[in-house]
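The values are calculated or read from the model by the stated rules, or taken from the named source; none is laboratory data. Being a predicted model, the structure only gives us computed values, none of them experimental. No Cβ is skipped: glycine too gets one built from the backbone with ideal geometry, and neighbour counts run over all protein chains shown. When the accessible area is computed, the model is the full protein with side chains, heavy atoms only, and any ligands, DNA or RNA have been set aside. Shrake-Rupley method; radii C 1.70, N 1.55, O 1.52, S 1.80 Å.
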Amino acid sequence: MATSSESVSQTYTLAKARYADLGVDTDAAMAKLAGIPISLHCWQGDDVGGFENTGEGLSGGIAVTGNYPGKARTPDELRADLDKALSLIPGKHRLNLHAFYGEFGGKKVDRNEIQPEHFQNWIDWAKSNGMGMDFNPTCFAHPMAADGFTLSHPKKAVRDFWVEHCIASREIGAVMGKELGSPTVTNFWIPDGYKDTPVDRLAPRQRLSESLDRVFTKAIDPKLHLDAVECKLFGIGSESYVVGSHEFYMGYAIKNQKLLCLDAGHFHPTEGIADKLSSVLMYVPEVLLHVSRGVRWDSDHVVTLDDALQSIAAELVRNNLLARTHIGLDFFDASINRVAAWAIGTRNTLKALLMALLEPPALRDSEKSGDYTSRLALMEETKSLPWGAVWDAYCEKQNVPVGTAWLDEVKGYENAVLSKRA
Ligand code: RNT
Ligand code: ZN
């Protein structure tokens, strides 16, 4: 159902006045929101499949469930689906690509042989959309990762292979950054870990540290490229021990001044990442977020507008951390329309940021004056302020569907395009 433009602007006028009474400038909040890019993860569109066509299934302790029809089978289909999703999301965003989405022209190009040319179509697509790109080496779904170890593998030959892949990925990231005029964040995540209790927890970490040092040997201009490292508590098949734990990577990132990637699903189920931001950003230069939603485990559910998401956005805005935070998404759901999944998760992330940008200054004032009763009362009242009216006005201003009109677009695309895919 389309919302009429008139009702959007009337509701916005009232909301603007309501917020103005509380000392909040809604136009300024919308302008700020327009300057925050979200990095859309390509892998939501094809269930983390990639385009190597090796028949190798997903591995590395991550899993996609569901078989909703219409997944992208080719790079062109994936780009078309991304175009559709982007047309439903207000603002200018980025593309986050994994290395196994390269275009290899039917040739077998192993992971340690990838070159910028294999990503040229993606770069051209991003350029024509005015988007920046982020990148990831793919250290899973490959025979050399079959036993669950990559950069920390006990065999040097296996470590060497993955070191080469990661070095190649950085070079590709730097080319992307250069061509698109915005630094590419290349995120290093590896699955390495043990299903059962290890005896030696130290040696794999020593090997990982040494491999990372090799990967990062060459200095790359931060105007072109930034390195991020992603920690994890457990995965499927690495329940008892993950080499790249939070402590490991926090230490590594601080020591080497790398970006720390915090994935919302990579901690204890009751642990959120919001509270970590103000701590880690005291010691690492910047962070990368993998905005995700774990349900009982690191299940990578589509991001909803829940407390965890609102807390992350609030931390970034309240502490002025946006300039040092790269916001990326990381979820994969094959049980619903995949374009809708992108739209829902990205729109929610933006909604949470908008809510944070609209926070009345009285909240902070009450805390400063030690009036914690008012702090709690105001925090709760703030939740029902008319931020939704500002969101609708923002969508209209950005020329994307208002309200649930985006869903009609997705249904139309499903009928016309997705349902035709075998
Ligand atoms: C896995 C990590 C990692 C992946 C992507 C596909 O647990 O979250 O970021 O989801 O690289
Ligand atoms: Zn992640």
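The table below lists the values:
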| item | result |
| --- | --- |
| Test result for Asp306, out of contact with any Cys (no Cβ under 7 Å at 6 or more places or on another chain), touching a residue at least 60 places away in the same chain (Cβ under 8 Å) and under 25 Å from His268 (Cβ atoms) | no |
| Test: residue in segment 300-310 that is part of a strand (DSSP E or B) and either over 29 Å from Ala72 (Cβ atoms) or of a type in the set (D, E, K, R) (or both) | yes |
| Per-region count, segment 49-90, residues of a type in the set (A, V, I, L, M, F, W, C) and open to solvent by 10 Å² or more (accessible area, probe 1.4 Å) | 7 |
| Residue count, segment 27-67 (criterion: among the hydrophobic types (A, V, I, L, M, F, W, C), more than 11 Å from ligand 1 (Cβ to nearest atom) and out of contact with any Lys or Arg (no Cβ under 8 Å at 6 or more places or on another chain)) | 6 |
| Tally of residues being in contact with a strand residue (DSSP E or B) (Cβ under 9 Å, 6 or more places away or on another chain) and either within 16 Å of ligand 1 (Cβ to nearest atom) or β-branched (Val, Ile, Thr) (or both) across segment 249-280 | 17 |
| Segment 258-270 residues that are in contact (Cβ under 8 Å) with a residue 40 or more places away in the chain, paired with ones that are of a type in the set (Lys, Arg) (beta carbon under 8 Å, 6 or more apart) | Asp263/Lys232; Ala264/Arg293; Gly265/Arg293 |
| Number of the exception - Arg293 against (1) in contact with a His (Cβ under 7 Å, 6 or more places away or on another chain); (2) charged (D, E, K, R); (3) in contact (Cβ under 8 Å) with a residue 60 or more places away in the chain | (3) |
| Leading residue by the ranking (farthest from Val410 (Cα to Cα)) among those in segment 281-340 that are within 16 Å of ligand 1 (Cβ to nearest atom) and charged (D, E, K, R) | Arg296 |
| Segments classed as helices (runs of 4 or more DSSP H), wholly inside segment 332-422, with at least 3 members that are in contact with a Phe, Trp or Tyr (Cβ under 8 Å, 6 or more places away or on another chain) and among the basic types (Lys, Arg) | 338-357 |
| Top-ranked residue of segment 249-297 - restricted to ones that are assigned to a strand (DSSP E or B) and out of contact with any Leu (no Cβ under 9 Å at 6 or more places or on another chain), ranked as farthest from ligand 2 (Cβ to nearest atom) | Val295 |
| Single match in Asp213, Asp221 (criterion: more than 16 Å from ligand 1 (Cβ to nearest atom), more than 20 Å from His98 (Cα to Cα), of a type in the set (D, E, K, R) and part of a helix (DSSP H, G or I)) | Asp213 |
| Positions within segment 4-48 being under 30 Å from Arg111 (Cβ atoms) and open to solvent by less than 40 Å² (accessible area, probe 1.4 Å), in sequence order | Ile38, Ser39, Leu40, His41, Cys42, Trp43, Gln44, Gly45, Asp46, Asp47, Val48 |
| Complete set of residues in segment 232-248 that are farther than 17 Å from Ser299 by Cβ and either within 12 Å of ligand 1 (Cβ to nearest atom) or of a type in the set (Lys, Arg) (or both) | Gly244 |
